[in-house]
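Okay, structure first, notes after.
The values are calculated or read from the model by the stated rules, or taken from the named source; none is laboratory data. Owing to the predicted nature of the structure, the values given are computational and were not obtained by experimental measurement. Because the Cβ atoms are built from the backbone with ideal geometry, glycine has one as well, and the counts that use them run over all protein chains shown. Side chains included, ligands, DNA and RNA excluded: accessible areas come from the protein's heavy atoms. Shrake-Rupley method; radii C 1.70, N 1.55, O 1.52, S 1.80 Å.
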Amino acid sequence: QISREPLIETGGSSAVTKATKVVMTSPIKKKNMDKLKRIMIVDDEQDVTFLFKIILEGMHQDLSFCCKVDSFNDSLVALENYREGLYDLIIIDVVMPKMDGFRLYKEIRKKDKKVKVCFLTAGEMYYEEYRKHVFPEISADKVIRKPISNDDLVRKVNGYFEIQ
């Protein structure tokens, strides 16, 4: 159970105590904090980002790690908030308004060449051909097809973090 007390940024010790209380009452404490993975999900459909966040954060007992998921429904806002080294995995929808997933990928790669990236797609064949020709470095196993079952999503994401 995560404490819902508001944190007050006063610089005093009470803020530190409250922040510690949040961490200590979180289910994440049961896992090794070194195994905490940060995931960014970018999809213009709010129900998809909400569901993925719930599944990945809630099913941590099925993963070999715990994860914290940040979700964005606007690719431009996601790019603006992206920080190098903050995320271990980014899951990007291919078809989005304003900036499609491949363009977002290209912009994120300018900021961070190490972060793992995978794509969400409802199976548009045009985008598969585009990916093969324009981004051959993105293998087909880095694509998550929608719809996907909860178990398959957890299994797929867990596979991205397995040590080779």
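Give the residues of the range 131-150 that are at pLDDT 85 or above, out of contact with any Gly (no Cβ under 8 Å at 6 or more places or on another chain), in a loop (DSSP other than H, G, I, E, B) and open to solvent by less than 70 Å² (accessible area, probe 1.4 Å), sorted by residue number.
Across the range 131-150, the qualifying residues are Ile148, Ser149.
Restricting attention to the range 73-98, which residues are assigned to a loop (DSSP other than H, G, I, E, B), within 16 Å of the chain's Cα centre (by Cα) and not polar (S, T, N, Q)?
The initial filter retains those residues of the range 73-98 that are assigned to a loop (DSSP other than H, G, I, E, B), namely 73-74, 82-88, 94-98.
Then drop every residue that is not within 16 Å of the chain's Cα centre (by Cα), which leaves 73-74, 82-88, 94.
The answer is Asp74, Tyr82, Arg83, Glu84, Gly85, Leu86, Tyr87, Asp88, Val94.
Which of the residues belonging to the range 108-125 are of a type in the set (D, E, K, R) and part of a helix (DSSP H, G or I)?
Arg109, Lys110, Lys111
Just checking, how many residues over the range 82-107 are in contact with a Phe, Trp or Tyr (Cβ under 6 Å, 6 or more places away or on another chain) and surrounded by 20 or more Cβ atoms within 10 Å (Cβ to Cβ)?
Adding up the residues that qualify gives 3.
Might you let me know whether the range 99-107 holds any residue that is assigned to a loop (DSSP other than H, G, I, E, B), within 15 Å of Val42 (Cβ to Cβ) and at pLDDT below 95?
Yes, the range 99-107 has at least one match.
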